[in-house]
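Worksheet: one structure, shown below.
The values are calculated or read from the model by the stated rules, or taken from the named source; none is laboratory data. Computed from a predicted model, the values in this text were never measured in an experiment. Every residue, glycine among them, receives a Cβ derived from its backbone with ideal geometry; neighbour counts consider all protein chains shown.
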Amino acid sequence: MHMEPTPELIDALDSEDIEQARRMTPSQKLRAGGDLFDDACRWTLAGIRADHPGISETDAIAELKRRVALDDDEIELEMD
């Protein structure tokens, strides 16, 4: 049985996220932003691989960079 979250639950979770963000130091916020970007890159790479079975790692990274419109020397990805 799948249940959708209620608007009240969504509001409560949003409030908790907001309060947590307010308690973070600027350096923690910067780190969290980087972590979110890394997670988004991993999810996007997974989608690229699903859309293009057999794609090389080099080509998958090139497609990721194209999608986020970054030049080769603007970013160094560390994929664990």
Sole residue being surrounded by 11 or more Cβ atoms within 10 Å (Cβ to Cβ) and modelled with pLDDT of 95 or more, chosen from 46, 12, 32, 21 = 46
Please list, ordered by first then second residue, the pairs with beta carbon atoms under 8 Å, 6 or more apart or interchain, first in the range 1-19 and over 17 Å from residue 29 (Cα atoms) and among the hydroxyl-bearing types (Ser, Thr, Tyr), second at pLDDT 80 or above and outside any helix (DSSP H, G or I).
-> none
